[in-house]
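Participant: Pasting a structure here, questions to come.
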Amino acid sequence: MVGSMLLSLSLLLGPMAASDSEASLTKWGPYGVGARTYRIVDEDRDNRELITEIWYPTERPLNDHVSEYPSGLLTRAERDVPAAPGPWPWIVFSHSLSAVREQSTFLTEFLASHGFVVVSPDHLHNTGWDFRPLEVYQSAVDRPQDLKVVMDQALDASRHPKSPLHGLFWKGGGVAIGHSLGGYSALAIGGIPADTTKYPIKVNGLAKGEEYANFRDRRIKAVVALAPYLTPAVGPEELAKLRVPTLVIGGSKDPFTMPEDHQFPVFRQAQGPCCLAIIEGASHFSFNNAEMVAGMPLLLRTLHRPTLSPEEVERVVKRLVLAFLEQYLIGDESYGRYLVSEPGVVEVQCRGMDDPDMACEALPSSAAQSVSTTSQSEDE
């Protein structure tokens with residue numbers, strides 16, 4: 001009864017799709033953006049330290065002043081300001097190989113302005129600060145567990161009245177988003193197991209007899225994978241275990257995770273509703289902030305040869321990701337009409353998107369209202 005009332009409220013107020021303006025999907029939302037940094041320690045894995053960024057909606061006006069993180073990446077978030085009263089739908093974000101938690105603030109902070117809480121950890125020994133190139137496959141085992149741990153602790157903090165995170169997280173589950181190896185990590189906690197015996201090295205952190213590792217977290221209700229890297233541990237049998245709604249986005253100019261090898265297999269094998277979007281002219285690093293790409297080593301910048309501007313890639317990614325989240329986390333099927341191709345820019349294929357068995361529950365009132373007010377934001 002309450003769910004029906006909330007859904008009716010959302011429809012009465014007029015969801016963003018009712019604006020009939022696709023541009024509203026790429027504007028900053030009606031909320032300001034706050035950010036907090038936490039040091040999360042996993043005592044069960046040798047006190048593994050996970051420095052974690054949490055972005056969240058605030059009731060303050062969106063910050064017009066653009067500043068920098070210590071990594072040099074740009075931000076419009078205000079540090080440690082109070083959050084707007086929740087609960088809010090939530091996202092856990094996984095960065096790419098040898099990157100940092102703030103690598104895609106063009107997307108993470110944008111989503112916070114639309115009423116989402118985004119949690120993003122630095123994956124130990126797999127960041128730009130502490131990268132260990134011989135431990136890539138080990139990181140593929142560690143990363144899904146990292147995401148589970150940071151969500152455990154963030155959700156636990158949300159239950160404590162004195163915590164700045166109190167009441168922020170919607171209890172109905174969230175979405176995993178990731179880029180490259182982070183895209184694999186998001187798929188892993190979304191339901192793809194890994195046959196780690198296929199790795200060329202022995203990995204640690206799995207009990208004997210658990211080499212066929214299942215990292216699925218049932219709190220994850222949908223997955224967005226940006227240019228995901230499918231590790232050797234993932235084949236058709238593993239991909240067929242993916243049953244949550246999934247959006248896979250790749251770039252036609254990607255020299256590292258080529259769409260035919262790393263994105264199309266997900267679309268072909270996943271058993272749940274799935275959309276595949278290939279952005280014409282986007283490269284592997286097009287899903288990072290442009291200033292991060294500018295600071296990369298010369299070799300990587302030489303291999304990064306997009307023919308579509310960063311601004312255009314960001315516009316397409318924002319549109320597709322926000323429309324997908326509104327449909328599969330918020331539960332508004334009208335957003336499906338925005339998961340479409342743009343001739344010469346992006347080719348989108350979807351299947352199973354109208355499956356009634358994948359319908360979402362109605363959100364709490366604050367989240368439902370965030371959907372209706374998004375169209376009121378000003379073009380920044």
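The values are calculated or read from the model by the stated rules, or taken from the named source; none is laboratory data. Since the structure is predicted, the reported quantities are computational estimates derived from the model, not experimental observations. Methodologically, a virtual Cβ is constructed for each residue, glycine included, from the backbone with ideal geometry; neighbour enumeration extends over all protein chains shown.
Participant: In this structure, does residue 332 turn out to be closer than 20 Å to residue 91 by Cβ and acidic (Asp, Glu)? Please lay out each step first, then the result.
Facilitator: Details: closer than 20 Å to residue 91 by Cβ: yes; acidic (Asp, Glu): yes.
So residue 332 fits the description; yes.
Participant: Out of the helices (runs of 4 or more DSSP H) lying entirely within the stretch 250-362, which hold 3 or more residues that are crowded, with 18+ Cβ neighbours inside 10 Å?
Facilitator: Fully inside the stretch 250-362 and qualifying: 264-269, 310-325.
Participant: Quick one: which residue in 94, 98, 120, 139 is surrounded by 18 or more Cβ atoms within 10 Å (Cβ to Cβ), in contact (Cβ under 8 Å) with a residue 12 or more places away in the chain and at positive phi?
Facilitator: 98
Participant: Moving on to the next point. Could you pull out the residue among 157, 112, 83 that is among the small types (Gly, Ala, Ser), closer than 26 Å to residue 25 by Cα and not in a loop (DSSP other than H, G, I, E, B)?
Facilitator: None of the other options fit; the residue is 112.
Participant: Could I ask something else about it? Mind listing just one residue for me: the one in the stretch 78-91 that is hydrophobic (A, V, I, L, M, F, W, C) and over 22 Å from residue 328 (Cα atoms) and, of those, surrounded by the most Cβ atoms within 10 Å (Cβ to Cβ)?
Facilitator: That would be 83.
Participant: Can you pull out the residues in the stretch 186-215 that are free of Cβ contacts under 8 Å to residues at least 12 places away in the same chain and among the hydrophobic types (A, V, I, L, M, F, W, C)?
Facilitator: 207
Participant: List pairs: first in the stretch 284-304 and closer than 17 Å to residue 262 by Cβ, second of a type in the set (Phe, Trp, Tyr), Cβ under 7 Å, 6+ apart or cross-chain?
Facilitator: Hits for this filter: 284/256; 304/285.
Participant: Right, something else. Scan the stretch 191-209 and tell me whether some residue there is closer than 28 Å to residue 323 by Cα, of a type outside the set (Gly, Ala, Ser), modelled with pLDDT of 95 or more and crowded, with 23+ Cβ neighbours inside 10 Å.
Facilitator: Here is the first cut: in the stretch 191-209, the ones closer than 28 Å to residue 323 by Cα are 191-193.
Next, from what is left, pick out any that are of a type outside the set (Gly, Ala, Ser): 192-193.
Remaining after also requiring modelled with pLDDT of 95 or more: 192-193.
From what's left, crowded, with 23+ Cβ neighbours inside 10 Å: 192.
Yes, some residue in the stretch 191-209 is closer than 28 Å to residue 323 by Cα, of a type outside the set (Gly, Ala, Ser), modelled with pLDDT of 95 or more and crowded, with 23+ Cβ neighbours inside 10 Å.
Participant: Filter the stretch 230-249 for residues that are among the β-branched types (Val, Ile, Thr) and assigned to a loop (DSSP other than H, G, I, E, B) and give the result.
Facilitator: Residues satisfying the conditions are 231, 234, 244.
Participant: Got a sec? Which of 75, 52, 105 is closer than 20 Å to residue 184 by Cα and surrounded by fewer than 24 Cβ atoms within 10 Å (Cβ to Cβ)?
Facilitator: 52
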